[in-house]
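Taking it in order: structure first as structure tokens, then the write-up.
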Amino acid sequence: MRRLKNFINGEWVESKSGIFLDVENPGTGEIISRVPQGCKDDLDLAAAKAAEAFVEWKDFPAEKRIQYLFKMKTILEKNADEIASICTMESGKTFAESKGEIVRAVENIEVACGIPTLMQGEFSEDISSGIDEFVIRQSLGVGACIAPFNFPVMISFWFFPYALACGNTYIVKPSEKVPQTMTRIFELFEEVNLPKGVLNLVHGAKETVDAILTNPEIKAVSFVGSTKVAKYVYAKGTENGKRVQAQGGAKNPLVVMPDADVETTTRIIADSVYGCAGQRCLAASTIILVGDAKEKFKKKIIDDAKAKTTCYGLEKDSQMGAIITKESKARIEKIIEDAESKGANVLLDGRNKNVNGFEKGNYLLPTVIENVPDDSQAAETEIFGPVLNLKYVDNLDDAIKFINAGRYGNAACIFTTSGSAARKFRHEVLAGNIGVNIGVPAPMAFFPFSGWKESFFGDLHGQSKHAVEFFTQTKVVIERWHDEWTRKF
Ligand code: NAD
């Protein structure tokens, strides 16, 4: 059984924790590797080496720093099939979904390669007679990201390409549930020949996260995961004087107006809800049918859910893969049970179904429920599984009222052919990522990933110019040169 190592200061090193956790293939139930549980010593060593490397790296010209990123892009593209297979094996998603993640990772590298322009300062001549004032952007020091299980490739790339391009050094901590993908990417990146210590990989769980949040060398922390942990990371990180951006959980509503096109809308809904088996922070979760939309859309939504082929992600026909762990599958089943016991109708039940040939995998087939009572977990909590709640309201105002009362604000979508309904929706809804006739409103790398409410803690988001601001600090210079000094030469 392969035991994974950390990559610190340009070398693969054993963790000092001595404790290893099993990594399971969710699609087959097999144990595929063992990951260190992680400890403070591992993290402190990486932070010390990253801090040493920062001294020279920050003074590399931006133009030179991005040459390393160009090489990373080529490596990801050249090895996309291998990386996607590993990603599928440990996360349970389909091979096509894993390939999609790599495309998104590459887009972030491409945007970060614009740093020579994106990091430019501002200059005002003669703010007073003979005095100029300007602002320059400088790097911070060591940064670190703490990633969730559901995008083993993409999420770390929302952060570290920008951090490195801005002249910082970095530590990536993948989720302990999916540690192999990033390990392989780091092996492939050895070919990039980054100076030692500039980019490090440290495995682990809570103890490693706590070490990130308290290590004085680490100046900026980016977190993506559940809201409970996001709040904790934000509070503890800021208490220790760090910049923190913490992206949390979600429960995304998708509104269907009666005038929306049935074929395209229902196809997109099925892709949004059941993509990655619902384990996506932008997945639609509650489908709100407005007025006559109930009659028009309900049956087709159920039919499209039924039509999804659930299978091991590396099988050719798989359209929906596995749930990350047995515990997570049991948790989702309990949420469905709870809703049912409180009066919800299960219109399509994905529980207790085998996937032929993969009986030991963690599968739950597409599920549709309606009339979910407000006091049930299905109404209140993030399900993070292939479960669709159908809700019926009379008009758009009621839909918006319902959405804005929710605790999360990651995304909200509307399907309509009416420009005024769409405009009202995007203007009034309290969520950071809005989709108009789009089921997964994932911002491109040159836009910020803008969660609101309990889906985000901090001010600057991941990706785009926000990332450049997050990974730099501004220095203002006011400068005067007396004429008489110049005349001496
Ligand atoms: P998680 O919160 O369990 O874990 C995320 C990271 O935090 C992991 O690296 C883990 O090792 C660490 N961690 C877990 N428990 C911890 C604790 N008690 N103390 C310190 N660190 C801890 O999340 P997950 O299950 O891996 O991922 C799923 C969640 O991530 C969902 O809630 C999903 O909505 C969210 N997510 C959000 C976004 C977004 O952009 N807002 C994107 C992807 C996923």
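The values are calculated or read from the model by the stated rules, or taken from the named source; none is laboratory data. Because the structure is predicted, anything quoted here is derived from the model rather than measured. Backbone-built Cβ (ideal geometry, glycine too); neighbour counts: all protein chains shown.
Residues checked against (1) among the polar types (S, T, N, Q); (2) in contact with a Phe, Trp or Tyr (Cβ under 8 Å, 6 or more places away or on another chain):
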site: 324; (1), (2): no, yes
site: 327; (1), (2): no, no
site: 345; (1), (2): yes, no
site: 350; (1), (2): no, no
site: 376; (1), (2): yes, no
site: 383; (1), (2): no, no
Q) Tell me, which strands (runs of 3 or more DSSP E) lie completely within the stretch 131-177 with 2 or more residues that are surrounded by 23 or more Cβ atoms within 10 Å (Cβ to Cβ) and within 14 Å of the chain's Cα centre (by Cα)? A) 142-146, 169-173
(Q) Looking only at the stretch 437-489, count every residue that is within 30 Å of residue 277 (Cα to Cα), of a type in the set (Phe, Trp, Tyr), in contact (Cβ under 8 Å) with a residue 40 or more places away in the chain and touching a helix residue (DSSP H, G or I) at 6+ places or on another chain (Cβ under 7 Å) and tell me the total. (A) 2
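Take the stretch 348-395 and flag every residue that is polar (S, T, N, Q) and out of contact with any strand residue (DSSP E or B) (no Cβ under 6 Å at 6 or more places or on another chain). Please lay out each step first, then the result.
Step one: of the stretch 348-395, the residues polar (S, T, N, Q) are 352, 354, 356, 362, 367, 371, 376-377, 381, 389, 395.
Scanning the stretch 348-395 gives 352, 354, 356, 362, 376, 377, 381, 395.
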**Q.** Which listed residue, of 349, 317, is more than 25 Å from residue 178 (Cα to Cα) and either in contact (Cβ under 8 Å) with a residue 40 or more places away in the chain or surrounded by fewer than 18 Cβ atoms within 10 Å (Cβ to Cβ) (or both)
**A.** 349
Q: Could you grab me the full set of residues in the stretch 191-224 that are crowded, with 19+ Cβ neighbours inside 10 Å and free of Cβ contacts under 8 Å to residues at least 24 places away in the same chain?
A: none
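Being within 14 Å of residue 179 (Cα to Cα), touching a Lys or Arg at 6+ places or on another chain (Cβ under 9 Å) and assigned to a strand (DSSP E or B) is the filter here, so list the residues in the stretch 6-27 that pass it. Please lay out each step first, then the result.
Just the residues of the stretch 6-27 that are within 14 Å of residue 179 (Cα to Cα), to begin with: 6-7, 15, 20-26.
Still in the running and touching a Lys or Arg at 6+ places or on another chain (Cβ under 9 Å): 15, 20-24, 26.
Result: 20, 21, 22, 23, 24.
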(Q) Restricting to the stretch 264-284, and then to whatever is more than 10 Å from the ligand (Cβ to nearest atom) and of a type in the set (S, T, N, Q), can you tell me which residue is surrounded by the fewest Cβ atoms within 10 Å (Cβ to Cβ)? (A) 264
Q) In the stretch 234-263, which residues are in a loop (DSSP other than H, G, I, E, B) and either within 11 Å of the ligand (Cβ to nearest atom) or farther than 19 Å from residue 420 by Cβ (or both)? A) 240, 241, 242, 248, 249, 250, 251
Q) Which is assigned to a strand (DSSP E or B) and of a type in the set (Val, Ile, Thr), of 438, 414? A) 414
(Q) Would you confirm, using the coordinates I've provided, whether residue 332 is touching a strand residue (DSSP E or B) at 6+ places or on another chain (Cβ under 7 Å), under 19 Å from residue 287 (Cα atoms) and within 16 Å of the ligand (Cβ to nearest atom)? (A) yes
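Any chance the stretch 385-398 includes a residue that's closer than 27 Å to residue 112 by Cα, of a type in the set (Ser, Thr, Tyr) and surrounded by fewer than 24 Cβ atoms within 10 Å (Cβ to Cβ)? Reasoning before the result, please.
As a first pass, look at the stretch 385-398 and keep what is closer than 27 Å to residue 112 by Cα: none.
Within the stretch 385-398, none of the residues are closer than 27 Å to residue 112 by Cα, of a type in the set (Ser, Thr, Tyr) and surrounded by fewer than 24 Cβ atoms within 10 Å (Cβ to Cβ).
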Q: Working only within the stretch 152-190, note down all residues that are among the aromatic types (Phe, Trp, Tyr) and within 10 Å of the ligand (Cβ to nearest atom).
A: 158
Q) Restricting the stretch 449-474 to residues that are under 22 Å from residue 169 (Cα atoms) and within 12 Å of the ligand (Cβ to nearest atom), which is surrounded by the fewest Cβ atoms within 10 Å (Cβ to Cβ)? A) 458
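State which residue is nearest to residue 241 (Cα to Cα) when the search covers only the stretch 452-476 and only residues that are charged (D, E, K, R) and assigned to a helix (DSSP H, G or I). Give the derivation first.
Initial filter on the stretch 452-476 (charged (D, E, K, R)): 453-454, 459, 465, 469, 475.
From what is left, the residues that are assigned to a helix (DSSP H, G or I) are 465, 469.
Working: 465: 23, 469: 17 Å.
Taking the candidates together, the pick is 469.
Given the residues 431, 445, which is the only one that is assigned to a loop (DSSP other than H, G, I, E, B), on the phi < 0 side of the Ramachandran plot and touching an Asp or Glu at 6+ places or on another chain (Cβ under 8 Å)? Can you show your working first?
Details: 431 fails: touching an Asp or Glu at 6+ places or on another chain (Cβ under 8 Å).
Being assigned to a loop (DSSP other than H, G, I, E, B), on the phi < 0 side of the Ramachandran plot and touching an Asp or Glu at 6+ places or on another chain (Cβ under 8 Å) holds for just one of 431, 445, which is 445.
Taking the criterion of being crowded, with 17+ Cβ neighbours inside 10 Å, outside the structural domain of residue 224 (by TED's automatic domain parsing) and within 16 Å of the ligand (Cβ to nearest atom), would at least one residue in the stretch 413-420 satisfy it? Show your work before the answer.
Filtering the stretch 413-420 for residues crowded, with 17+ Cβ neighbours inside 10 Å gives 413-416.
Still in the list and also outside the structural domain of residue 224 (by TED's automatic domain parsing): 413-416.
Remaining after also requiring within 16 Å of the ligand (Cβ to nearest atom): 413.
Checking the stretch 413-420: at least one residue is crowded, with 17+ Cβ neighbours inside 10 Å, outside the structural domain of residue 224 (by TED's automatic domain parsing) and within 16 Å of the ligand (Cβ to nearest atom).
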